[in-house]
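Quick notes on the structure that follows.
The values are calculated or read from the model by the stated rules, or taken from the named source; none is laboratory data. The structure presented is a predicted model; accordingly, all values stated were derived computationally and were not measured. Cβ placement follows ideal geometry from the backbone for every residue including glycine, while neighbour counts extend to all protein chains displayed. Just the protein is used for accessible areas: all its heavy atoms, side chains included, with ligands, DNA and RNA removed. Shrake-Rupley method; radii C 1.70, N 1.55, O 1.52, S 1.80 Å.
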Amino acid sequence: MIIQYIPYGQIDKIKWDACIAVADNSLIYAYSFYLDAMTEKWDAIIINDYEEVMPLPWKKKWGIKYYYNPPFTPQLGLFKKGNSAISADILALIQRRVKYGDIFFNYKNTVALQTLQQTNYIIPLNQQYINIAAGYKLYLKNILKKSKKENFIYSEKENFDTAVALYQQYYFERTPHVTKIDYEHFLNLCKLLSIKKMAFTRSILDSNNEILSTSIFFVDKKRIYYIMNANTPKGKVKESNSILLDSVIKEFSEKKLFFDFEGSDIKGIKFFYEKFNPVNEPYFYYHFNNLPRLL
């Protein structure tokens, strides 16, 4: 087995994306076009001839190179066919190159280190909607029952600009680590993925065509990713976000896909997702600091 640390400029992106496409743990975040859009810079661990790959986004501060987690990119780690354990040799190579970092390994990675488990909820969509909805918590069932008395409109009109603008308007202060430039990059990524048929928006409108909730979803051959949501104050009162997600689940039911909520360990968000009776598919966070004690 040949394990190499490859700087960005030497990565063969055609081989890279081919590896991600066939990996058992393939995720949209690991494709080169996603990484190029959402990271400042990234290098990689590459094993043999792109049989296994691991992206390593990095920045520099005070001249010190460090690994970081890019916005809207919850999981990365090692991607390959079969078992994707992180070997001691891979970890040693990572830490030999960079002395400080935060790495989010994906749901299939096993690591012989102390990691922090992160919640990620999914629903298998390869079943009839009636079977999925039967598992909803009673509170959610009551919301959906009550919504039938409203004249809500489920809109499939593309509105990436509006969705990102509303998200910034209502949640910018909650996500100070996401900069205005990050949002610009994310919007450009949305439009690129839309061309590739890998992104779409859905919204709930009231009878006056006013947006109550709107969301951006990414999609690949395995998953629909609930990547960004904006819920207006009026939408919160109407609990339109529950209606929106239920509508998307219904639209894509009986397809060989997983609906990926992208999870959260924030109590309120976690409670909201749990109303849909999803399955927890955790991923793992690892932090290391091998800098001199003074730093």
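General observations
- Positions within the stretch 86-108 being of a type in the set (S, T, N, Q) and either over 16 Å from Tyr283 (Cβ atoms) or over 23 Å from the mean Cα position of the chain (by Cα) (or both), in sequence order: Ser87, Gln95
- Filter result for Ser247 (buried (at least 17 other Cβ atoms within 10 Å of the Cβ), modelled with pLDDT of 95 or more, polar (S, T, N, Q) and out of contact with any helix residue (DSSP H, G or I) (no Cβ under 6 Å at 6 or more places or on another chain)): yes
- Boolean, Lys221 is among the basic types (Lys, Arg), over 19 Å from Asn131 (Cβ atoms) and either part of a strand (DSSP E or B) or touching a strand residue (DSSP E or B) at 6+ places or on another chain (Cβ under 9 Å) (or both): no
- Residue selected from the stretch 97-131 under the condition among the aliphatic types (A, V, I, L, M), at pLDDT 90 or above and touching a strand residue (DSSP E or B) at 6+ places or on another chain (Cβ under 8 Å), by the criterion most open to solvent (accessible area, probe 1.4 Å): Leu116
- Top-ranked residue in the stretch 1-54 [being over 20 Å from the mean Cα position of the chain (by Cα) and of a type in the set (Phe, Trp, Tyr); ranked as nearest to Ile195 (Cα to Cα)]: Tyr8
Let's see how each residue does on (1) of a type outside the set (Asp, Glu); (2) under 24 Å from Asn120 (Cα atoms); (3) surrounded by 22 or more Cβ atoms within 10 Å (Cβ to Cβ):
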| position | (1), (2), (3) |
| --- | --- |
| Glu40 | no, no, no |
| Lys60 | yes, no, no |
| Ile64 | yes, no, no |
| Gln75 | yes, yes, yes |
| Gln95 | yes, no, no |
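- Residue within the stretch 182-205 that is free of Cβ contacts under 8 Å to residues at least 12 places away in the same chain, polar (S, T, N, Q) and more than 27 Å from Tyr139 (Cβ to Cβ) present: no
- Qualifying positions in the stretch 164-200 - more than 17 Å from Ala37 (Cα to Cα), of a type outside the set (S, T, N, Q) and in a helix (DSSP H, G or I): Ala165, Leu166, Tyr167, Tyr170, Tyr171, Phe172, Glu173, Arg174
- Residue list for the stretch 6-38, filter: open to solvent by less than 20 Å² (accessible area, probe 1.4 Å) and among the hydroxyl-bearing types (Ser, Thr, Tyr): Ser26, Tyr29, Ser32, Tyr34
- Residue check for Ser240: under 24 Å from Pro71 (Cα atoms), modelled with pLDDT of 95 or more, surrounded by 22 or more Cβ atoms within 10 Å (Cβ to Cβ) and in contact with a helix residue (DSSP H, G or I) (Cβ under 9 Å, 6 or more places away or on another chain): no
- Pairs with Cβ under 8 Å, 6+ apart, first in the stretch 74-98 and in contact (Cβ under 8 Å) with a residue 12 or more places away in the chain and within 30 Å of Met228 (Cβ to Cβ), second assigned to a helix (DSSP H, G or I) and not hydrophobic (A, V, I, L, M, F, W, C): Pro74/Tyr29; Gln75/Tyr29; Leu76/Tyr29
- Answer residue from the stretch 274-288, given it is touching a Leu at 6+ places or on another chain (Cβ under 9 Å) and not in a loop (DSSP other than H, G, I, E, B) and is most open to solvent (accessible area, probe 1.4 Å) among those: His287
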